[in-house]
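Asker: Would you mind keeping the following structure in view while I ask a few things?
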Amino acid sequence: MSKHDRRENLRLLPSVDAILQTATAARIRRQSGAKHLTLLARALTDALRREMLGEPSGDKNYSREELLAEAEKNLEKLWRNERNSGLRRVINATGVIVHTNLGRAPLSDEAVKALTENAARYCTLEYDLTTGERGRRGARVENLLAELTGADDALVVNNCAAAAFLVLTVLARGGEAVISRGELVEIGGDFRIPDVLEQSGARLREVGTTNRTRVSDYERAVSENTKLILRVHPSNYRIVGFTHAPALCELAELAREKDILLYEDAGSGAMFDLSRYGLTDEPVISDSIRAGADVVTFSGDKLLGGVQSGLIVGRGEVVEKIRKHPLYRALRVDKLIYAALEATLESFRREAAVQEIPVLKMLSATIEQLKTRSSGFAEKLNKNRGANKDLKIEIAEGKSVVGGGSAPTAQPATILLALEHERMSAAELEETLRFSNPPIITRILDDVVLIDLRTVSESEEAELLEILENI
């Protein structure tokens, strides 16, 4: 196509005003606002102009009507992509329980209620109703953490990386932190323990080997410059075979003998023994305190089942020193985090966590329960889809995943719904579900779309069923 022909086609480009008069634009305007819709329309005409001025793939003539229809279709797509880039509720049917990309732990009903009823408006964030005077920020959450873990005191910051950075800055800056080579891990999201140590102003002193470290290795490394011994739980990384690591109580005894501190970064935050659910390597926070750790940090949004936060518990004088450091104010959390975390911790205190906290409910679901749910769901789908016979569903055995950097070797047995469609590939079916309302996030294995009801709440089953019935 000649330059002249391309210029002729450019004259047929729809104007911004023409795009704004379409039915699609009228529908979108109610959500986007007129000003933003105009920006989208301008972006579309610019994109069409660049496309038409580019290298032609062959002779092609346009009509004004075709270009307007193309612009309207692209407006719909552009608006959908913009909306999908924001936060939206999804149904997690992947079987990954603590799914980092999907917001990690879903909140309990009590935590959601606390957000909307206690924290969404004015609240007692720093106000004492008893005295009518200023109160301590987060006092209730700190007291609950101390009670549940057996620690003297507690603090909350915005994530576990921040907790580690704060602890090391306050307790080890200008000195050495002794750590096993086998614990110099990258936990996720480029969070590397050596980098945190470096930024905190502490110097790293590696001991032992990748797979074996003894108490004597730590003892030889301690000098007048040593501020603390650092123990890091490897989270999503495991070394198996010829391995050895000293017990935490052994490190605590050495720390007391050398008059230095023992700090454990425990990672996922198990509040009780989860071995009955296949998680055998997750440290229980109260056990770490009982073993003699001076300070322990862990996550509030993994196995604890709450919101993103970094939790710090330990000896009273150590935690108070951290609390008084200026960096704490930069890392502290807001009223929403405190509200959701308080409700989550109260579930643990009344010993109802397994029944109320979604992550623990999912972990504790038995294969018999999942088989009953999955069989019932498949029966309803086969009964209700009527003439829609293109979708086929089968029951299969499989594995769920704990996720979130927790328990990489634990893969609970599960029951899967395996979906195939006569007129769609697995990739097309997965995309259709992903673009549904609400989006259904699945996984594909061996060209089959899989749904794991372990991570689908019972309250979401009706929505999932309706979407599948109407594909």
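Asker: Scan the strands (runs of 3 or more DSSP E) fully inside region 399-456 and keep the ones with 1 or more residues being in the same structural domain as ARG192 (by TED's automatic domain parsing) and out of contact with any Phe, Trp or Tyr (no Cβ under 9 Å at 6 or more places or on another chain).
Answerer: Numbers: elements: 413-421, 443-445, 448-452.
Counting at least 1 such residues, we get no strands (runs of 3 or more DSSP E) at all.
Asker: Follow-up question, since we're still on this one. Kindly evaluate LYS392 against the criterion of being under 17 Å from HIS99 (Cα atoms) and out of contact with any Pro (no Cβ under 6 Å at 6 or more places or on another chain). Explain how you work it out, then say what you get.
Answerer: Values: under 17 Å from HIS99 (Cα atoms): no; out of contact with any Pro (no Cβ under 6 Å at 6 or more places or on another chain): yes.
The answer is no for LYS392.
Asker: Still on this model: Please verify whether LEU336 is assigned to a helix (DSSP H, G or I) and closer than 15 Å to ASP109 by Cβ, treating the condition exactly as stated.
Answerer: Numbers: assigned to a helix (DSSP H, G or I): yes; closer than 15 Å to ASP109 by Cβ: no.
No, not satisfied.
Asker: Next question. Just checking, which of VAL96, VAL90 is touching a strand residue (DSSP E or B) at 6+ places or on another chain (Cβ under 6 Å) and under 30 Å from ARG27 (Cα atoms)? Don't jump to the end; show me each part of the working.
Answerer: Values: VAL96 fails: under 30 Å from ARG27 (Cα atoms).
Exactly one of VAL96, VAL90 is touching a strand residue (DSSP E or B) at 6+ places or on another chain (Cβ under 6 Å) and under 30 Å from ARG27 (Cα atoms), namely VAL90.
Asker: I need every pair where a residue in region 45-58 that is closer than 24 Å to VAL16 by Cα has its Cβ under 9 Å from the Cβ of a residue that is at pLDDT below 75 and among the hydroxyl-bearing types (Ser, Thr, Tyr), sequence separation at least 6 or different chains.
Answerer: MET52/TYR62
Asker: Further question: Mind listing whichever residues of region 121-167 are outside any loop (DSSP other than H, G, I, E, B), in contact (Cβ under 8 Å) with a residue 12 or more places away in the chain and loosely packed, with under 15 Cβ neighbours inside 10 Å? Write out each step before concluding.
Answerer: To start, the set of residues in region 121-167 that are outside any loop (DSSP other than H, G, I, E, B) comprises 127-128, 133-134, 139-149, 153-157, 160-167.
Going one step further and asking which of them are in contact (Cβ under 8 Å) with a residue 12 or more places away in the chain, we end up with 140-142, 144-149, 153-157, 160-167.
Residue satisfying the conditions is GLU147 alone.
Asker: Which residue pairs have Cβ atoms under 7 Å apart, sit 6 or more places apart or on different chains, and have a first residue in region 96-120 that is modelled with pLDDT under 95 and a second that is assigned to a helix (DSSP H, G or I) and aromatic (Phe, Trp, Tyr)?
Answerer: none
Asker: Let me ask you something else. Give the residue that is surrounded by the most Cβ atoms within 10 Å (Cβ to Cβ), with candidates limited to residues of region 359-411 that are among the β-branched types (Val, Ile, Thr) and at pLDDT below 95.
Answerer: Filtering region 359-411 down to residues among the β-branched types (Val, Ile, Thr) leaves 359, 366-367, 372, 393, 395, 401-402, 409.
If we keep only those that are at pLDDT below 95 too, we end up with 393, 401-402, 409.
Numbers: ILE393: 18, VAL401: 22, VAL402: 27, THR409: 11.
Filtering region 359-411 for residues that are among the β-branched types (Val, Ile, Thr) and at pLDDT below 95, the one surrounded by the most Cβ atoms within 10 Å (Cβ to Cβ) comes out as VAL402.
Asker: Out of the residues in region 150-179 that are of a type outside the set (A, V, I, L, M, F, W, C) and touching a Leu at 6+ places or on another chain (Cβ under 9 Å), which is nearest to HIS325 (Cα to Cα)? If you could, list the steps in order and put the result at the bottom.
Answerer: Taking region 150-179 as the starting set, the residues that turn out to be of a type outside the set (A, V, I, L, M, F, W, C) are 150, 152-153, 158-159, 169, 173-176.
Applying the additional criterion that residues be touching a Leu at 6+ places or on another chain (Cβ under 9 Å) yields 153, 158-159, 169, 175-176.
Details: ASP153: 15, ASN158: 16, ASN159: 17, THR169: 9, GLY175: 17, GLU176: 19 Å.
Applying the filter and picking the extreme gives THR169.
Asker: Tell me which helices (runs of 4 or more DSSP H) are completely within region 10-92 and hold 3 or more residues being of a type in the set (Lys, Arg) and modelled with pLDDT of 90 or more, or say none if there are none. Write out each step before concluding.
Answerer: Details: elements: 16-20, 23-32, 34-53, 64-84.
Answer list for region 10-92: 23-32.
The values are calculated or read from the model by the stated rules, or taken from the named source; none is laboratory data. The model shown is predicted, which means the values in this text are computed figures rather than measured ones. A quick note on method: Cβ atoms are made from the backbone with ideal geometry, for glycine too, and the neighbour counts reach across all protein chains shown.
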